[in-house]
Amino acid sequence: MRLLIATHNPGKLREYRDLCAELQDEGMLKVVSLAELGVSWEPDETGRTFAENAILKATAFAAHTGLPTLADDSGLEIDALAGAPGVRSARYGGTGRGEDARRIQLVLEQLDGVPESQRSARFRCVIALAVPGGAVETVQGAVEGVIGHEPRGEHGFGYDPIFYLPEFGCTMAQLDPATKNRISHRARAMQAALPLLRRLAAQEGASE
C-alpha cells in the first residue's frame, strides 16, 4: 500500500519515515511525500482544534491524490500562556515557515520572569488517517515537559530546543533521534496509529 504523508515540513516527514520503518520493512506499505507527487499546495488550517485540522488535511489530500493519507496537526501548549501557541504553533506571532528561531524567541520573551514551577507545557499531536471517499480515524499522543530559559540542542525542529524533559535532563533537541522517535508526542500518536495502518494495508492488499 502506498501511504501519503501529508506534510511539507521536511523535519516532520523525516520523523514519519522513521516511524513507519517497521511497516515498510515488512513490505506492508511504501511512504510517499507530497513533493514526490508534485503537490505544492496545502489547505487552509481553519480548524479550532488539532483534530479538526488533522482531519481537514487528511481528507483534502486523500481526495486530491486518491491515496490513503496520514496527516497530523501538532503543537506546543504552554500552561502559563493559557494553552498558546496551540493550533497556531507553526504560525505563532504571525511567523511563517522556516522561522522557528523567531517563534522560540517570542515564547521566551512572553515567559520572561515566569518561575520554573509555572513553565509546564506539553507537545500534543493528533494524527488523522483518511481513505479516499471513506472514513477518517484519529489517534493522539502527548509528552509533558517544561519550557527552558534558552535554546539548547541541535536535533529536531520547531520548539524542540526550549522543550525541557526533566526525566531526561535535557531538551527535546538534545535527544538523539532514536530516543525522540520513541518518546515524542508524534511517536506516541504513531504507535496508536500503527494498528490502523496494518488493518488498512491488509484491506488494500486483499482488494487487489
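Just so you know, all these numbers are worked out from the coordinates, no wet-lab data involved. Please read these numbers as outputs of a predicted model, since none were measured by experiment. We place every Cβ from the backbone using ideal geometry, glycine too, and count neighbours over all the protein chains shown.
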Lysines near residue 57 by alpha-carbon distance under 16 Å, same-chain residues fewer than 8 away left out - which ones? 12
What order, most packed first, do the peptides 78-86, 38-46 have when packing is the mean number of other Cβ atoms within 10 Å of each residue? 78-86, 38-46
Find out how many positive minus negative residues lie around residue 116, taking Lys and Arg as positive, Asp and Glu as negative, among other residues whose Cβ is under 15 Å from that of residue 116. -3
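Starting from the exponent 0.38 and prefactor 2.2 Å, build the expected Rg for segment 36-101 from its residue count and divide its actual Cα Rg by it.
Values: Rg = 13.5 Å, N = 66, 2.2 N^0.38 = 10.8 Å.
My calculation over the Cα atoms of segment 36-101 gives 1.25.
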Euclidean distance of C-alpha centroids, segment 50-85 and segment 136-163, integer Å: 16
Most positive-pole-ward Cα, 174, 149, 128, against dipole of the chain from beta carbon charges: 128
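Ranking request for peptides 19-30, 50-61: highest mean number of other beta-carbon atoms within 10 Å first, then the rest in descending order.
Working: 19-30: 14.6, 50-61: 22.3.
Sorting 19-30, 50-61 by mean packing, highest first, produces 50-61, 19-30.
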Reachable aspartates and glutamates from residue 30, criterion Cα separation under 13 angstrom, eight or more residues apart if same chain: 18, 22, 204
Taking only Cα atoms and a 10 Å spring cutoff, compute GNM fluctuations for the chain and point out the largest among 33, 89, 117. 117
Net charge near residue 96: determine it from the other residues with C-beta under 15 Å of the C-beta of residue 96, scoring Lys and Arg +1 and Asp and Glu -1. 0
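Roughly how many debye, to the nearest 20, is the charge dipole of segment 72-208 about its Cα centre, given +1 on each Lys and Arg Cβ, -1 on each Asp and Glu Cβ, and no other charges? Provide the component values of the computation, followed by the final result.
Numbers: 15 positive and 18 negative charges, 43 e Å.
Roughly 200 debye, rounded to the nearest 20.
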Once normalised by the length of segment 79-155, the mean sequence separation of its alpha carbon contacts under 8 Å that are 6 or more apart gives a contact order in percent of 26
